[in-house]
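Every number in this text was worked out from the coordinates using simple rules, so none of it is lab data. In this text the structure is predicted, and so the values were computed from the model without any measurement. Cβ atoms come from the backbone with ideal geometry, glycine included; neighbour counts cover every protein chain shown.
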Amino acid sequence: MADKLMDQSDVRAQWETPVRTDATMLTRHRAPLFSLTGLRFFAASYVILFHTRLGSSLVEHGYQHAGRFMMNSYSAVTLFFMLSGFILAYNYRGQIESRQHAYRFCEARFSRIWPAYAFSLLCSSFPSQTIPSFRLALATLGMVQAWNPLHPEYGNAWNGVCWTLSVEGFFYLAFPAIQVLLDKFKNSQLVWTLVALMLAGVLFNTSGHNDSARYSGIWWMLPSPIIHLPEFVSGVLLGNLYLSSSSSQGVLPGRGADARSREARLFPASALTYVGLILTVVTLSTAQNRWISLSIPTFGALLYGLAAERSMLGGFLSTKLLILGGEISYAMYLLRTPLHGWIGAFPALRSNALVNLLYLPLGLVPLSLFSFYCVERPARQALRRFFATLQNRTT
C-alpha cells in the first residue's frame, strides 16, 4: 500500500521550505494531490474490513450486494498498487535523468516505507507470535519474501500483509527504468499501452491473486510482483497521461489559485470522478471470482478523475482530517494484523464482543498515529541523513 522519492506529505512539506537546486537532487515542483492522500485512508480502511466478519454477516442477514462489497474489499490492494504508480509518475516524470537520480529515488523510497514495515514485524513477534527461521526472516526484512515462485507461502511470513510491500519493493526498483522509457512515449502510445495492460489485468484476474489465492498450472510459477505489475504500470501510465494533458502540468508554489481556477473552468461537471466511483461500487458489489479485476479500469477512472477534476468528493477527501488519515493509512494497513494477534493472545479480550467491535477505531488509529509520528517520520529523516552522508551530500 499503500504508500515515491517524495510522497504527497513530502510534496506538501517542500512548499514550506526552500528547494535545493544542486544536481544530485530531483526537482520538486508539483502541487500535492490531497484528494488522493485522503483516498488512501478509505482504501486502507476498506482492505482492513476484509479481515472482519462484516461481509459474511451482511450476507447472512440477506444484504447480498452490501456483503459482496465488503467481501471484495481485498481488491483495495489493487487500488494501492495503481495509486502508487500514479503518484510516482506524477512526482517524477521527466526527472529521473541519470543513475544518480535513480539511486536517490531508491534511497528515499526505502527511507519512506522500511521503518514502519520493520516496526510492524517487531509488533508481530509479540506477545505470542514468533520470528520465522533466520533465512525467511532475512528475506522478509529485505522485502523480497514474495519474489520466490517456488515458495509462494513465504510471502505470508511474519506479518502476512507484508507480501504486498514486498511486491511494492519490486515496483520501486523497476520504476526508474519504466518511467525513463515512458518519458519517450507519445500520448497515443500511452493510451494504447494503458488499454492493453488493463485488459491483461482483467483477463488474467490479477486482482484475485494474493498470498493465499494463487493461480494454478503454469501461472503458479509467476512470482507475485510480475502478476501485479500490470496494475502498477497502469497507474504509472495514468499519471503520465494526467501530466500530458494541457491542464495538469503540475503547479508551482504560489500558483495554486490560478491553477485551481483553470481546473474549475476545464472540469465543471466532475463527470469522470463520479462515473469512476459509481462503476467501482457497482463492480465491487456484484463481481465474483475472476471478474473482480473489472475494478482495474474503474479504479483508473476514479484516480484520474480525482486528480484532474474539481468535485465535492475531491474536496471532502482533501480535508485536513482525511489528509492525516491518508498519512497514517500505511501504518494502519501494516499494524492491523499484529494488533489482532495481541488481542487473540488473551482469551478474555478475544471473547469480549465490545473489544472486537472497538479495537479497530480505538486501538488501531492511536497505534498508527504513534507509528507515524514516533517511528516513520524520525526514522525517515535519520535514514535520509545517513544516505546523504554516504554520498557526501548535504540535506
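In this simple spin-label approximation, Ala66 and Arg53 carry label points 7 Å from Cα along the Cα→Cβ vector, and these lie 1.7 nm apart.
Each residue of region 307-313 is assigned a 3J(HN,Hα), and the resulting list reads 6, 9, 10, 8, 8, 4, 5 Hz, derived from the Karplus form 6.51 cos²θ - 1.76 cosθ + 1.60 (θ = phi - 60°), x at Gly and Pro. Phi-derived couplings, Karplus 6.51 cos²θ - 1.76 cosθ + 1.60 at θ = phi - 60°, listed residue by residue for region 236-241: 4, 5, 4, x, 5, 5 Hz, with x used for Gly and Pro. Exposure proxy shown here: for Met82, Met332, Met71, Met221, the number of other Cβ atoms within 10 Å sets the order, fewest to most, as Met221, Met71, Met332, Met82. Net charge of the neighbourhood of Thr78, taken over other residues with C-beta under 13 Å away and scored Lys/Arg +1, Asp/Glu -1, is -2.
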